[in-house]
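*Asks:* Please find one structure pasted underneath; my questions will follow.
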There are 4 protein chains.
Amino acid sequence: MPKVGMQPVRRQQLIDATIESVAELGLRATTINSISKKAGLSSGIISHYFGGKQGLIEATVRYLLSNLKQVLLGGLKADTTPEQRLMLIVEANFSRLQQQSNATKTWLSFWAQSMHDIELHRLQNVNSKRLSSNLACSYKQLMNIEDARNAAQLSAAMIDGLWLRAVLSKSDEDEFEHCEQLAKGYVRSLIKQYGS
Amino acid sequence: MPKVGMQPVRRQQLIDATIESVAELGLRATTINSISKKAGLSSGIISHYFGGKQGLIEATVRYLLSNLKQVLLGGLKADTTPEQRLMLIVEANFSRLQQQSNATKTWLSFWAQSMHDIELHRLQNVNSKRLSSNLACSYKQLMNIEDARNAAQLSAAMIDGLWLRAVLSKSDEDEFEHCEQLAKGYVRSLIKQYGS
Amino acid sequence: MPKVGMQPVRRQQLIDATIESVAELGLRATTINSISKKAGLSSGIISHYFGGKQGLIEATVRYLLSNLKQVLLGGLKADTTPEQRLMLIVEANFSRLQQQSNATKTWLSFWAQSMHDIELHRLQNVNSKRLSSNLACSYKQLMNIEDARNAAQLSAAMIDGLWLRAVLSKSDEDEFEHCEQLAKGYVRSLIKQYGS
Amino acid sequence: MPKVGMQPVRRQQLIDATIESVAELGLRATTINSISKKAGLSSGIISHYFGGKQGLIEATVRYLLSNLKQVLLGGLKADTTPEQRLMLIVEANFSRLQQQSNATKTWLSFWAQSMHDIELHRLQNVNSKRLSSNLACSYKQLMNIEDARNAAQLSAAMIDGLWLRAVLSKSDEDEFEHCEQLAKGYVRSLIKQYGS
DNA sequence: CATGAATGAGTATTCATTCAT
DNA sequence: TATGAATGAATACTCATTCAT
């Protein structure tokens, strides 16, 4: 039943299946078969739409990153205060777990792989830099540039650190929620500490 | 060239080669051949000494963890103040990069794999718990239990977060050094904030 | 050259190649490569169609057994006398050598392996029981039940014994023919001895 | 603890371990390690005494065959009648199961392998011929040569057939005993039938 | 558009053999 | 005389890719 205009549908089907498979089996055990089976499609379709497994992996990472960006932009309105913006950034980063039931493991797999994959590393760096610069941008409205940059780096580390430890200890949603609160508390303490 | 008493020598040779190979190629691309070639030994020897690839991987993780523990214990003397102890813990955790030229990437690979490997997860959890409890133990001498526990969780997250971001951005030694200072500064600020 | 509807063709190709390889090299020296080479196919195809070497081995045994059954059923017509039926059973069992140029050696290999392989043992038992019960069924029409059972056991042993010794001494077709006549003669002598 | 004159002791230890291992695991799964472990010796000793695995296998077959021969000769006394001799031959052949707790499976493995191993085939043929000629020799004293040869061939087939079916159906000792009685009964019926 | 049959290089593992001690 | 460390060829199996339909 070949149809026209299936391209975006098929692509998304395959990306969703990839996230599921990596979360469930790990990047290592994820095969073109495990993905296509989850998508309910044939294995050949992957080469057809993504040129190969590697292409699908990269498209999946790009999708996860752009999703994170959308969540962030979606929450920003014209009249948000700098502090509200900072809270939104924290929330967006912890929401990485909600997009798919368990896409958290997927993030971690891609991080590790990015150490040995140039394209993945580039994508991951763009994202990392964006977190820092988003944070710094808001902090700058509350303190001097030097302190803002420091606060941004520390907050970014705290967010990733809390998130990572939560993922690695296979925490449930409540514990993630608790970590999100800790991160917000830390951001507030930085504002109080350096804020003018 | 069979000799007697080679067991510990060969085991260490293979563990070192594994760390090198995982750092260079990633856990995924590390094969029994890449390891044995680096060790200058035959592939069969891995089964002989570790029962298989999985056994060698686990032995390598155990080695890295025990090394971290040794670094920590090695720095502790009788007359260290709680604050000195906390600084030592931070240093030990950042020293993960120095034990082997580039064992940092290796740690990250093992973390990711631990999400899909029960034994690795168990080992990683022991280590994670030890960091928290070591920190909490020292904090308890400086503040009340509730605050100490919180401080320990936050410091652990900050240490791992700073370390992770440094690894992921392929930082050089100076940047690691800077991160270590940031971590220490954060620990000091927690002491000042909650300390009685 | 992927085509549709090749499944049964490929399966039979591989089963034939297995019989050939086991006959020529023995079960022990038969590898996935020796089979796929004989079949003119790649080694991967075996996993594709049979899940692995073991699956192909079992399918091959099943094929040989079902073939034996077919030869037997094929010879039976409505108006055969019990004695004619008994002769047909003997013939069918000796025909094991004709189905494939030299499938006899293959049978022997599978028998030996059945001592250490549950599934093969099950299959081999079904076959062995069928020979006994087919013989007993015909004998019962010629003598009392007790004698029929005895005659069946003795005839089955005589058939297998003559066949085995012919195989082990690498007999030619004439000698097989002679053994078949001996077996038939023995069956007739049992009928004369016990027959009412 | 190197000692002199250990050669025959070690050889027998290894042959016994081979019989055990082949019976338990099958010829296919029997390795130099499974044998040397059962013998409580090192793996290297096998090359030392038998030149390799193949040499040990052949020595083991030779041992089983010579044992069968000994059992037969041992039972023969000066004043045995031809019929007694025939019964002894049957008994000796069924005793193949008693030499080692379960050496029966071992025989079958070697038979199958003899189809693809010249030396094994030679040994097995000598044994097979001896059975026939021993039987024929005794029969000749009771009937004319033609009938004796026929009777020998049929008896040999009956003995092997009954024994084979008993082994393949994993019969217990009682069932083996029953088969031995059936074989003896058959020999007696042949004597009655052709005997002058 | 989409399938899935077919390939074959690559992987971990096994194991008979060798040989320094 | 005896060991067992070390080897590396061989084996079964996996899986990304290709391509005829």
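The values are calculated or read from the model by the stated rules, or taken from the named source; none is laboratory data. Fair warning: this is a prediction, and the values are worked out from it, not measured in the lab. Cβ atoms come from the backbone with ideal geometry, glycine included; neighbour counts cover every protein chain shown. Note: accessible area is taken over every heavy atom of the protein model, side chains too, but ligands, DNA and RNA are not part of it. Shrake-Rupley method; radii C 1.70, N 1.55, O 1.52, S 1.80 Å.
*Asks:* Rolling a 1.4 angstrom probe over the protein heavy atoms, how many square angstrom per residue are accessible across chain B?
*Replies:* 46
*Asks:* Ignoring ligands, DNA and RNA, what percent of the 1.4 Å accessible area of segment B:60-194 is carbon and sulfur?
*Replies:* The computed percentage sits at 49.
*Asks:* To continue, here is another question. Between rounded, prolate and oblate, where does segment D:34-120 land on the alpha carbon gyration tensor, with a ≥ b ≥ c its root eigenvalues, rounded for a/c under 1.5, else prolate if a/b exceeds b/c?
*Replies:* Because a/c hits 1.5 or more and a/b exceeds b/c, segment D:34-120 counts as prolate.
*Asks:* What percent does the relative contact order of chain C come to when contacts are Cα pairs within less than 8 Å and at least six residues apart?
*Replies:* It comes to 19 percent, rounded to a whole number.
*Asks:* Every other copy gets compared here: list the nm distances from the D:LYS140 label point (7 Å along Cα to Cβ) to its counterparts, shortest first, one decimal.
*Replies:* With the label placed 7 Å along Cα→Cβ, D:LYS140 yields 4.6, 9.8, 11.5 nm.
*Asks:* Suppose you put the label 7 Å out from Cα in the Cβ direction; list, shortest first and in nm with one decimal, how far B:GLY74 is from each other copy's label.
*Replies:* Result, one decimal in nm: 5.0, 6.8, 7.9.
*Asks:* Name the residues of segment B:151-185, by number, that are at least 50 Å² less accessible with every protein chain in place than in the isolated chain; the surface is that of heavy atoms, probe 1.4 Å, without ligands or nucleic acids.
*Replies:* Checking the loss per residue gives B:GLN153, B:LEU154, B:ALA157, B:MET158, B:LEU164, B:ARG165, B:LEU168, B:LYS170, B:LEU182.
*Asks:* Name the chain A residue with the Cβ nearest the axis that maps A onto C: which is it, and what is the distance in angstrom?
*Replies:* Per the A/C rotation axis, the closest residue of A reads A:GLY44, 4.
*Asks:* What percentages make up the Cα-Cα pair-distance distribution of chain D when the bins are 10 Å wide from 0?
*Replies:* The percentages, shortest bin first, are 8, 32, 31, 18, 8, 2, 0.
*Asks:* Extending each Cα 7 Å along its Cβ direction at B:ALA78 and B:ASP172, get the distance between those two points in nm, one decimal.
*Replies:* 4.4
*Asks:* I've got another one for you. Mind checking which aspartates and glutamates have their Cα closer than 13 Å to the Cα of B:LYS184? Skip sequence neighbours fewer than 8 apart in that chain.
*Replies:* B:GLU83, B:GLU91, B:ASP160
*Asks:* Before rounding to the nearest 500, sum -39500 (n - 2.57) across all DSSP H runs of length at least 4 in chain C and divide by the residue total; then give [θ] at 222 nm in deg cm²/dmol.
*Replies:* -25500 deg cm²/dmol
*Asks:* From the label point of A:GLY52, set 7 Å from Cα along Cα→Cβ, how far away are the matching label points in the other copies, in nm, ordered shortest to longest?
*Replies:* 3.0, 3.0, 4.3
*Asks:* Shifting gears a bit: Let me check I've understood the local charge: for D:ILE191, count other residues with C-beta under 14 angstrom from its C-beta, Lys and Arg +1, Asp and Glu -1. What total comes out?
*Replies:* +3
*Asks:* Rounded to the nearest 100 Å², what is the buried accessible area between D and C, both sides summed, probe 1.4 Å?
*Replies:* Buried surface at the D/C interface: approximately 3500 Å².
*Asks:* Another question, then. Can you report the principal axis dimensions of the protein assembly as shown using only the alpha carbons, biggest first, rounded to whole angstrom?
*Replies:* 128, 78, 42
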